[in-house]
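The values are calculated or read from the model by the stated rules, or taken from the named source; none is laboratory data. Not measured: the values here are computed from a predicted model. Please note: Cβ atoms are built from the backbone with ideal geometry, for glycine as well, and neighbour counts cover all protein chains shown. Protein only, heavy atoms only, side chains kept; ligands, DNA and RNA dropped before computing areas. Shrake-Rupley method; radii C 1.70, N 1.55, O 1.52, S 1.80 Å.
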Amino acid sequence: MPEYGRTYHPSVMKHAESSTTREQSRQRVSMRLQGFQSLMPYRVREVLLVASRYDSFILEEEGQLTELFLKEYDRLNLRYAPRLNSAPSAQQALEMLASDRRFDMVILTMHPGEMDPADFAREVKARFPNLPVVLLGYDNREFQELLDSEDATVFDRVFVWTGDARILLAIVSLVEDALNVEHDTRTVGVEVIVFIEDSVHFVSSVLPILYGKLMKQSQRLISEGITVSHKVLRMRARPKILHASTFEEGWEAFERYRQNILGVISDMRFSRQGRMDATAGARFAAKVREENPGLPVLLQSTDPANAEVARLVGVGFVRKDAPHLRQQIEKFMLGSFGFGPFEFRLPDGHRVAEANNLRELRRCLETVPADSLVFHAAGQHFSTWLKARTEFRLAAALRPKQLSDYRDVEDMRLHLIRALDDFLREAHQDAIADFRPDTFGTIASFSRIGGGSLGGKARGLAFLNTLLREHGVDAVHEDVRVQVPPSAAIGTEYFDAFLEENGLTDVAGREWSDAQIREVFVAARLPTRLLRRLRGLVRVMNYPVAVRSSSLLEDSQHQPFAGVYETYMLANIDPDEEARLHDLCTAIKLVYASTFSRKARAYLEATPLRPEKEKMAVLIQKLIGRPHEGRFYPSFSGVARSYNYYPFGRVKPRDGAAVVALGLGRLVVEGTGGLQ
């Protein structure tokens, strides 16, 4: 099986990438990340809750509403939670709104002090026309009378309190979606779910289900993010929900965002052309199918006879009064919206393969039957699944393609594989990716293990790697390539954990010899989380490696620590993975130990730097060379400088200088040899 980014079939896929292509690739990556960073410009951060003391007591369940709200955000791993601010009366709420504080939303109950809720909403709208005002009532006669009156139109949204704090998350998310959908669809093509329902009670029950599933989908996707920033951006790119209560509102939303519609969930009976229509949902679904035959649609009704109507239209159906409604809705979203794994099926429905992520999808594409490829391409299933995973550009590139666009099925297969290869390579090229065994050395050449700093040496090499990719400087001669070897950097987070877990935080103050320090460090144990990551690393690094120091002060511009700390070379060819893991762990601990060697401490004392500021990261890097008669020989080593402080003859300072030597470069670092 070929590696990611390698040729799948030499006669078809092997090609040389021009500098123009590289620049276009770099620009695509940059544009994609910039677009994601600007998503969701409107956020609800401050919520004003207007409720009488009695209503507040009921809502807060003896003071627990805010706690429930925060727990729900924490459970879903959301990065921020709006702050709830309470006002016991309408007058106090108006005073708070008129103050210097900025509120993004007002939620009020049926008894906002001495004012009628509708009158209070009108007063707020008169002063702050763009401020969303949401009514949250209880399921009683008074609330129903308000819903049946014209006063209900003054509120932006109306919901029923069911005792479930998830309704607050749904309210906030729905308001944010309505305000961000125009920007986010235009910027990166964020998907939209059209939800048509005129029953306030059912909206209040179903919206928390829909948003709960969307948040869980986002959580699953962020685990596959390349870096922490990528993971956060993926959360921002979740699908938006647009709620409509009439046929016309629903169709307006569909037409406005027709290129970004992920699916439709609709009631069967609601207003159409100003009248209640018991078949409005079926009519809407039929019209959607005329526009987009493959678009997922789910109809809901309390009348079981409507199941046959939905079947005739060719869409899904669930009963509103079903005991397992939530599970049925989630099952539909999982299968039809592309939220679950991609299931390769034959036209008869038989499942032949399953892919949980892009890398698995790429592998499956090589072997699945041709009939399965044709089936999924015809139904635009690939683009639907990719859009649900926030891979909008890749989905857009694949969506227009049909079998007729290719010579044959195998040509289509190769195109899909090449598109995924290019995308995976681009996604990793501008980032120091978190280490993953299935991408390291193929689509990710520079990875990090753990948090904290990468240290001077690793940071410099990572920067050089970025420059090479960004500017396409991969060759200085037609036969010479310039590249950074596959590298994994262990962040200083694990250095701190190693010292703390083994009681070595005060080792700098002990009068130990270098031999004693090495003995104690080798006997100590690396953090368990680091051991798990290293076990995955030795599985993919089956070639000679250098385990190099990369301290915070190393390779610094004004106080370079070159040659102060240790580097260890490992043959790394033992067929026993545990033996190779043991050697790697020992080398890492010896690099850690070199932080406290007499030479290092003496050098540090000669500088104005404080000893406690020094920490050690470790760089594990492939050795470049060739085997010869059973031994591995590195090619050559050296130091290059962009400025020559000792020019001679016609040489100018800005011509730079390089000192090189055969082998590992010890002569160069110690200044006792090498060619200039």
- Assuming Gly316 fulfils every condition listed in (1) in contact (Cβ under 8 Å) with a residue 40 or more places away in the chain; (2) buried (at least 18 other Cβ atoms within 10 Å of the Cβ) apart from one, which condition is it? (1)
- Quick check, is Arg626 at pLDDT below 90, among the charged types (D, E, K, R) and under 23 Å from Ala497 (Cα atoms)? no
- Message: So Leu468 ticks every box in (1) in a strand (DSSP E or B); (2) at pLDDT below 80; (3) open to solvent by less than 40 Å² (accessible area, probe 1.4 Å) but one. Which box is left unticked?
- Response: (1)
- Residue count for segment 399-413, restricted to those that are surrounded by fewer than 18 Cβ atoms within 10 Å (Cβ to Cβ) and in a helix (DSSP H, G or I): 6
- Item | Residue pairs meeting the criteria (Cβ under 6 Å; at least 6 apart or on separate chains; first within 10 Å of Leu619 (Cβ to Cβ) and of a type in the set (D, E, K, R), in segment 541-555; second modelled with pLDDT of 90 or more and outside any loop (DSSP other than H, G, I, E, B)) | Arg548/Leu619
- Task: Return the pairs, sorted by first residue and then second, in which the second residue is surrounded by 19 or more Cβ atoms within 10 Å (Cβ to Cβ), the first residue lies in segment 90-109 and is aromatic (Phe, Trp, Tyr), the beta carbons are less than 8 Å apart, and the residues are 6+ apart or on different chains.
- Result: Phe103/Val47; Phe103/Leu48; Phe103/Leu97
- Message: Which pairs turn up if I take residues in segment 175-197 that are closer than 10 Å to Leu39 by Cβ and look for partners that are among the small types (Gly, Ala, Ser) and in a loop (DSSP other than H, G, I, E, B) with beta carbon separation below 9 Å, at least 6 apart in sequence or on another chain?
- Response: His183/Ser38; Asp184/Ser38; Asp184/Ala237; Thr187/Ser38; Val188/Ser38; Val188/Ala237; Val190/Ala237
- Item | One residue from Leu526, Leu534, Leu504, Leu553 being part of a helix (DSSP H, G or I) and of a type in the set (A, V, I, L, M) | Leu534
- Selection count where residues are part of a helix (DSSP H, G or I), open to solvent by 10 Å² or more (accessible area, probe 1.4 Å) and β-branched (Val, Ile, Thr), scope segment 329-380: 2
- Query: Has segment 588-595 got any residue that is at pLDDT 80 or above, in a helix (DSSP H, G or I), surrounded by 15 or more Cβ atoms within 10 Å (Cβ to Cβ) and of a type in the set (Val, Ile, Thr)?
  - Reply: yes
- Message: I'd like to check something: does segment 512-534 contain any residue that is open to solvent by 50 Å² or more (accessible area, probe 1.4 Å) and at pLDDT below 80?
- Response: no
- Going through segment 243-266 in order, the residues found to be open to solvent by less than 10 Å² (accessible area, probe 1.4 Å) and either of a type in the set (Asp, Glu) or assigned to a helix (DSSP H, G or I) (or both) are Gly250, Phe254
- Test: Thr384 is β-branched (Val, Ile, Thr), at pLDDT below 85 and assigned to a loop (DSSP other than H, G, I, E, B): no
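Per-residue answers, yes or no, for (1) aromatic (Phe, Trp, Tyr); (2) open to solvent by less than 50 Å² (accessible area, probe 1.4 Å); (3) touching a Ser or Thr at 6+ places or on another chain (Cβ under 9 Å); (4) in a helix (DSSP H, G or I):
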{"position": "Phe120", "(1), (2), (3), (4)": "yes, yes, no, yes"}
{"position": "Lys125", "(1), (2), (3), (4)": "no, yes, no, yes"}
{"position": "Thr153", "(1), (2), (3), (4)": "no, no, no, yes"}
{"position": "Phe159", "(1), (2), (3), (4)": "yes, yes, yes, no"}
